[in-house]
Amino acid sequence: MSENIKVTGLNVWFDKNQALKDVSITIPKNEITAVIGPSGCGKSTFIRCINRMNDLVPKCKVTGRIEVDGKDIYDADVDVVEVRKRIGMVFQKPNPFPKSIFENIAYAPRIHGKDLDPSLQGTKVTKYTKKELAELVERSLRRAALWDEVKDRMEKSAYDLSGGQQQRLCIARTMAVDPEIILFDEPCSALDPIATAKIEDLLVDLKKDYTVVIVTHNMQQAARVADRTAFFYLGELIEFGETERIFEKPEQKLTEQYITGRMG
Amino acid sequence: MRRRTKERLFFMLFRGCAWAVGLALLIIVGYIVVLGIGVISWEFLTEFPRRGFTEGGIFPAIVGTLYLMALVMVIAVPIGVLTAVYISEYQGKSRFAGALRVAVNNLAGVPSIVYGLLGLGMLVFYLNWGFSLLASAMTLAFLVLPLVITASREAIQAVPSSLREASLALGTTKWQTIRHHVLPYSTPGILTGIILSLSRAAGETAPILLTGVVLTKTILPQDVWDTFMAMPFQLYALATRTVFEKTADFQYGTALVLLIMVVLMNLAAIVIRNRYREKYKW
Ligand SMILES: Nc1ncnc2c1ncn2[C@@H]1O[C@H](COP(=O)(O)OP(=O)(O)O)[C@@H](O)[C@H]1O
Ligand SMILES: [Mg+2]
């Protein structure tokens, strides 16, 4: 296993409320890591630190280190915009733009151009040609297993799609930026079982190319898709290990209580 | 039983009030339409007034009001929208933004004559702009700025934060997110606010009365430093003359044209709102 994200001593406060307490965890490359725990335990807060989404919350304070490929993304010389290009995020509620299906995917690549090399810092941007852009959109949609369902209505509004399709559109949109890590925050909580199954299949397929971190409140889902599982409780990382081990032989009492459903 | 009766009673009361309001509006509008419609003709719309506003038309007053609206728009819209963007998107912890918000909320309640005095003292005399189209437009811009800011802010804040997050998570900058998402999605609301604000400005008399409007002028304004004629003031001036009966036709005609202009602007606002409500329903 090669490490991809190394978190050390992460603390997060929202004003005076401490949401994460001294979390240290190493997330391996090209694997799926699930984050589970009762609601309010800090799962979203945790993954939103990895792409610095919490920067947007006014009274949020973050301490500790999050190294991605050896570089602390909270260092002063790091451009947060570059961080978010490398680390994509899919949200709980599908949030496509109120634009066409094509535009949803094409938007970010058109903005960023072809130079996704962070050392250039967006100074030298080559634009995609129309044809390249269309190819990129198709590739992203295929990768998200959505192409066949939408190829005849690329100019239609993304809002005409079903919830599950919208969520796969959001996944395709994230992949079009070519990130190396994708964070999912309960991506299936608004979806029906069939749509959920499709996303789960997709997740398993994605780990060939991406490191995946997924928050889920659904333990069966964690058991089905994740290589490793992290259990959070009241802002602390209680236990982290291979999914099978966590579910079959949890070392911590709290973990056992949670996965056996004996926790309120 | 008693509760039911009470319920009925209050319902009737509410309905009565609604009817009374509707009726009052109908009477006022109906009165102006009935008395003004016969006055309006091609000549009335395209000619200068003659013989002390008993012949000819109100062309220069219409043009003056349109010039004024155009200038107010040019001044108030960019400032208003940018301020709204600043308050709602960049506010952060800034004290200044908080103070600005309070100021904007309270400015909306300041009587228009006060703006007129401000324009007279500051623009006409202190800055030495003289009685001019520009001084009047600037004064009216001050007056409608709070309205433009408030409407824009509401439209901007109606854009769900999930869309901002979606954009930022793709590695766009804050400004790109505002320019490509927040502003386009809130444009219908902002436009509606702008049109309603302008229609408010179109009918104002006090601010222009003190800063640049005149009753008669033989040519159209040549530049922004020139004085101008305008419909609401013409109406006011003719109606308050001692011999107001002689110009009654002109007054009703002017009132009707002004009314039509304002109604059209409000209709445009409604159309825009409905058209886009479909497009951006989150
Ligand atoms: N934007 C925010 N502002 C203030 N407090 C927040 C914010 N987001 C999360 N919190 C707090 O942080 C804690 C963890 O929340 P969260 O990470 O959303 O939990 P989870 O995703 O596990 O349900 C909660 O106590 C919550 O109230
Ligand atoms: Mg959450």
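The values are calculated or read from the model by the stated rules, or taken from the named source; none is laboratory data. Nothing here was measured: the structure is a model prediction, and the numbers come from that model. So basically every Cβ, Gly included, is an ideal-geometry build from the backbone, and we count neighbours across all protein chains shown.
Yes or no: B:Leu198 at pLDDT below 95, within 17 Å of B:Ala269 (Cα to Cα), crowded, with 23+ Cβ neighbours inside 10 Å and away from chain A (no Cβ under 14 Å)? So B:Leu198 fits the description; yes.
Scanning the stretch A:61-88 for residues that are farther than 23 Å from A:Pro187 by Cβ and within 16 Å of ligand 1 (Cβ to nearest atom) yields A:Lys61, A:Val62, A:Thr63, A:Gly64.
Checked against (1) away from ligand 1 (no atom under 16 Å from the Cβ); (2) of a type in the set (A, V, I, L, M, F, W, C); (3) over 14 Å from the mean Cα position of the chain (by Cα), A:Leu234 meets all criteria but (1). Whenever a residue of the stretch A:37-51 is among the β-branched types (Val, Ile, Thr), its partners that are within 10 Å of ligand 2 (Cβ to nearest atom), lying with C-beta atoms within less than 7 angstrom and at least six residues away or across chains, give the pairs A:Ile47/A:Val35; A:Ile47/A:Asp185; A:Ile47/A:Val215. With respect to the conditions (1) crowded, with 20+ Cβ neighbours inside 10 Å; (2) modelled with pLDDT under 95; (3) touching a Lys or Arg at 6+ places or on another chain (Cβ under 8 Å), A:Thr255 lacks only one, and its number is (3).
On inspection, A:Ala190 fails the criterion of being away from ligand 1 (no atom under 16 Å from the Cβ) and either without any contact (Cβ under 8 Å) to a residue 40 or more places away in the chain or within 14 Å of chain B (Cβ to nearest Cβ) (or both). Looking at the stretch A:192-214, is at least one residue within 15 Å of ligand 2 (Cβ to nearest atom) and at pLDDT 90 or above? The answer is yes; a qualifying residue exists. For the stretch A:234-259, the tally of residues that are more than 16 Å from ligand 2 (Cβ to nearest atom) and among the small types (Gly, Ala, Ser) stands at 1. The residues of the stretch A:43-64 that are within 20 Å of A:Ile238 (Cβ to Cβ) and among the hydrophobic types (A, V, I, L, M, F, W, C), listed by number, are A:Phe46, A:Ile47, A:Cys49, A:Ile50. Among helices (runs of 4 or more DSSP H) entirely within the stretch B:144-249, having at least 3 residues that are under 30 Å from B:Ile40 (Cβ atoms) singles out B:183-203, B:206-209, B:231-239. When every residue of the stretch B:269-280 is checked against the conditions, at least one turns out to be surrounded by 14 or more Cβ atoms within 10 Å (Cβ to Cβ), within 14 Å of chain A (Cβ to nearest Cβ), part of a loop (DSSP other than H, G, I, E, B) and touching a residue at least 40 places away in the same chain (Cβ under 8 Å). Residue count for the stretch A:187-217 under the criterion of being in a loop (DSSP other than H, G, I, E, B) and out of contact with any Ser or Thr (no Cβ under 7 Å at 6 or more places or on another chain): the result is 10. With respect to the conditions (1) part of a helix (DSSP H, G or I); (2) of a type in the set (Phe, Trp, Tyr); (3) at pLDDT 95 or above, A:Phe184 falls short on a single one, namely (1). Just one residue in the set B:Leu23, B:Leu45, B:Leu71, B:Leu35 is free of Cβ contacts under 8 Å to residues at least 12 places away in the same chain and farther than 30 Å from B:Arg164 by Cβ; that residue is B:Leu23.
This table checks each residue for (1) in contact with a strand residue (DSSP E or B) (Cβ under 7 Å, 6 or more places away or on another chain); (2) crowded, with 20+ Cβ neighbours inside 10 Å; (3) under 25 Å from B:Leu170 (Cβ atoms).
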| residue | (1), (2), (3) |
| --- | --- |
| A:Asn11 | yes, no, no |
| A:Glu31 | yes, no, yes |
| A:Gly37 | yes, yes, no |
| A:Gly42 | yes, yes, yes |
| A:Ile47 | yes, yes, yes |
| A:Asn51 | yes, yes, yes |
